[in-house]
Amino acid sequence: MKKVNLSIKLQRLPKGVISKYRDVLLNGIEIFKISDFNSNLAGPNPEPRTLSPLPQTIQTISHSIKSNSIPVVIVVVAVSCLVLLLASIICIIIIFRRRSTEETSRERETTEGSSLPSHLCRYFTITELKAATNNFDDVSIVGIGGFGNVYKGYIHGTTPVAIKRLKPGSQQGVKEFLNEIEMLSQLRHIHLVSLIGYCNDGSEMILVYDFMQRGTLREHIYGSDSALNMEAEGRDRIGCGKRVTLSSCRDEAEYHSPGREEHEQPVG
Ligand SMILES: Nc1ncnc2c1ncn2[C@@H]1O[C@H](COP(=O)(O)OP(=O)(O)OP(=O)(O)O)[C@@H](O)[C@H]1O
């Protein structure tokens, strides 16, 4: 039998430590023999476990703190899971909504522009053109023609374009709009302004051209003020000159639609 010196120490609780056993008196001590793992009491005592440096009371307190914090941890984890779940649901809803909106607008674009040659020139949405012209701000207007206001806008942030927006009650209508798109999207010539694209969202009819920095042929030859005060005779001459220019263009152009109305083109 292994001899072990046993000692019992009685002392006051350290300051600040609260225990429900504070007033307990030591009446007696019971000493037990510890059985081994086979419940056998015959052998020597097993090696005593190294005691924790903390007194039992402190262990009890820390244990009670631990057991108190378990529900808090559970609540925190549960709330975090709930928040995560809600966030994922919201994300999924947003993604689905965005996808369905994109699909709807794509469908609208294809149905509305189905009769138009979208493979030859680009289809712009009204949102893109609003962004390009600062919501069709009057400050962006560079000219007014028979079709409507012509705005200077920027696509891809830097590329300047002329945006012709059909005004309500314009003399030119759907037929001219379609004719312009079909003809100009197939006709490319160095001396003719290029049609980049169009927009037909809702009731909008908008044409997007290369922006001609130096204005129209008329403005280029006569200046913008003189063009406004031109005599009828002068206008006729320009009309004639225009036809000459266009007929020479026609010879060089890749394609010319026979139904195309000849009119003045801005110059590059
Ligand atoms: N591609 C362009 N680049 C720069 N300015 C342009 C462009 N197209 C038009 N403009 C400006 O807008 C004004 C009006 O042009 P627009 O072609 O609409 O008039 P229009 O000659 O009456 O033709 P239409 O009758 O076909 O509308 C022009 O005088 C010009 O100042």
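The values are calculated or read from the model by the stated rules, or taken from the named source; none is laboratory data. Everything numeric here is computed off the predicted structure, so don't read it as measured data. Ideal geometry is used to build each Cβ from the backbone, glycine not excepted, and the neighbour counts take in all protein chains shown. Side chains included, ligands, DNA and RNA excluded: accessible areas come from the protein's heavy atoms. Shrake-Rupley method; radii C 1.70, N 1.55, O 1.52, S 1.80 Å.
Roughly how many Å² of D201 are accessible to a 1.4 Å probe, to the nearest 10?
20 Å²
So for T101, T133, what's the accessible-area order with a 1.4 Å probe, most first? Let's see the in-between values first.
Numbers: T101 90, T133 0 Å².
The ordering from most to least exposed comes out as T101, T133.
Sorting R99, R165 by accessible area (1.4 Å probe), largest first, what list results?
Details: R99 140, R165 60 Å².
Descending order: R99, R165.
Ordered by packing density, taken as the mean number of other Cβ atoms within 10 Å over each peptide's residues, highest first, how do 27-33, 206-212 rank?
Values: 27-33: 6.0, 206-212: 21.1.
Packing proxy ranking, top to bottom: 206-212, 27-33.
I'd like the accessible area for V72, computed on protein heavy atoms only with a 1.4 Å probe and all protein chains in place. Round to 10 Å², please.
Accessible surface of V72 is approximately 90 Å².
Calculate, for H191 and T101, the FRET efficiency according to 1/(1 + (r/R0)^6) with r their C-beta to C-beta distance and R0 41 Å; round to the nearest 0.05.
0.45
Taking R0 as 51 Å, what's the FRET efficiency between S35 and A78 from their Cβ-Cβ distance, rounded to 0.05?
0.75
Rank L184, L86 by accessible area, highest first, at a 1.4 Å probe radius?
L86, L184
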